[in-house]
Amino acid sequence: MKVVIAPDSFKESLSATEAAHAIRTGFSAIFPHAEFVLVPIADGGEGTVAALVRALGGEYRLERASDPLGRPVDAQYGVTPDGVALIEVAAASGLACLTPAERNPLTASSRGTGELMLAALDAGLRRFVIGLGGSATNDAGQGILCALGARFLDENGHDIAPGGASLRTVTRVDVSRLDKRLRECVIELACDVDNPLCGETGASAIFGPQKGATSDHVSVLDDALNHFAEVLERDLGVPPGLAAIPGGGAAGGIGATLNAVLGARLRAGADIIAEASRLDDAIDGASLVITGEGRVDSQTVRGKAPAAVARIARQKGVPVIALGGSIGEIGESGSDDELLYGAGIHAVFGAVRAPCTIENALRHAHQNLQASARNIAAAIRIGQTLT
């Protein structure tokens, strides 16, 4: 029996590697002689650089950058043997940089990510893969571009303040001082979602609340992003429709803006990492694939890692089980299960054993995941004896 274990990280509790080991430990308690192949993956969020460095044999570099509130933070990026810079927005501009009480997408800035890009440029690197998941920001990459030399001016010709809310006040974009080395660069954006910049499924509405936005904030932020997109289209000659491009809403709008201003290519991060990790080869001959992430719900099928794993496994006729720290709730319109089944995930299980606080769930994530994997394996064993 060959079991491929390919989870993403469980946000704020387990890295993808830690999650994979917890699942293997639980499963091997019932199937001690099974062949386990661990392929920890990511989709553009936390763990993207680690997954690519591990798969490609790269190295880490540490730099001092600004966190979303402008405080100094040590953030690392990766470099592959052939000179590709691997950067996560989450490293300097992510939710993990802030306490829950500090989260505020109205003022949070992505400047630190731009500072990491500058460090890579200074190191002579001209190819980038930038993971867009896990951000604490909703500023459409305005902070990144400011670090790289761009200016965003209000009606009085002054630089606007950092943060998503200030985008409402932009009247002119000046890229004349944008770092000229960027013209030599090839930039690939690893998106963890396919949501657009604006609207009901846009950056503000879907991801703003997890970054600290209230319902009133979401409206402000969405209006600001719409206005910002219009100014970019007018001042930079960007083709109309920037607010609607798939993946443009990744990382609070960084996807759309870097695509428009720097010509960066948007691509599903899970696909980039699956290719680098040779996941396709790992699944050959497997009896079962187990994947998972911190929350498995309708967003999972919109570019998250488990959906990419399931797509590859379905092509090979291998069943897939997904484990989540939590799973989508059943509401008036039903549950997310049918969407997940349609994506090639055969069964979905939540790892939390009983109602508890988020803090408690995070604290016991390893034990809960291990126990859930053990119980799934036991159910499979029982099924084998009944058939």
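Things to note:
- Rounded to the nearest 10 Å², the accessible area of LYS11 at probe 1.4 Å: 80
- Surface accessible to a 1.4 Å probe, per residue, for the residues of the range 102-219, Å²: 37
- Relative contact order for the range 178-305: 35 percent, from Cα pairs under 8 Å spaced at least 6 residues apart, divided by residue count.
- Based on protein heavy atoms only, the range 254-296 ends up with 33 Å² per residue of surface accessible to a 1.4 Å probe.
- Sparsely packed loop sites in the range 74-177 (the GluC sites (Glu not before Pro) outside DSSP H, G, I, E and B with at most 16 other Cβ atoms within 10 Å) comprise GLU155.
- In a simple Cβ point-charge model (Lys, Arg +1; Asp, Glu -1; nothing else charged), the range 295-358 has a dipole of about 420 debye relative to its Cα centre.
- Dipole axis of the chain (+1 Lys, Arg; -1 Asp, Glu on Cβ), positive-most option in GLY134, LEU95, HIS366: HIS366
- Loop-located GluC sites (Glu not before Pro) across the range 299-387 with a Cβ neighbour count of 16 or fewer within 10 Å are GLU329, GLU332, with loop assigned by DSSP.
- Pairwise label distance in nanometres, ARG172 with ASN375, each label 7 Å out on the Cα-Cβ vector: 6.3
- Taking the charge dipole of the chain about its Cα centre, with +1 at Lys and Arg Cβ atoms and -1 at Asp and Glu Cβ atoms, the residue from GLY143, ILE160, PRO7 reaching farthest to the positive side is PRO7.
- Debye equation applied to the C-alpha atoms of the range 260-377, log10 I(q)/I(0) at 0.17 Å⁻¹: -0.90
- The apolar share of the surface of the chain, taken as the fraction of accessible area on carbon and sulfur atoms (1.4 Å probe, ligands and nucleic acids excluded), comes to 51 percent.
- Only one residue of ASN259, ALA123, VAL318 has its Cα farthest out toward the positive end of the dipole of the chain, where Lys and Arg carry +1 and Asp and Glu -1 on Cβ, and that residue is VAL318.
- With an a/c value of 1.5 or above and a/b larger than b/c for the gyration tensor axes a ≥ b ≥ c computed over the alpha-carbon atoms, the chain is described as prolate.
- Evaluated with a Cβ-only charge set (Lys, Arg +1; Asp, Glu -1), the chain carries a dipole of roughly 820 debye about its Cα centre, given to the nearest 20.
- Annotation for the range 175-277: GluC sites (Glu not before Pro) lying in DSSP loop with at most 15 further Cβ atoms inside 10 Å of their Cβ are GLU200.
- Among the lysines of the chain, pairs that are 8 or more positions apart or on different chains and have alpha carbons within less than 26 Å of each other number 6.
- Using Cβ point charges alone (K and R +1, D and E -1), the dipole size of the range 242-387 about the Cα centre works out to roughly 300 debye.
The values are calculated or read from the model by the stated rules, or taken from the named source; none is laboratory data. From a predicted model like this one, the values you see are computed outputs, not experimental measurements. Using ideal geometry, Cβ is built from the backbone for each residue, glycine included, and neighbour counts are taken over all protein chains shown. Accessible surface is based on the protein model in full, side chains and every heavy atom, while ligands, DNA and RNA are left aside. Shrake-Rupley method; radii C 1.70, N 1.55, O 1.52, S 1.80 Å.
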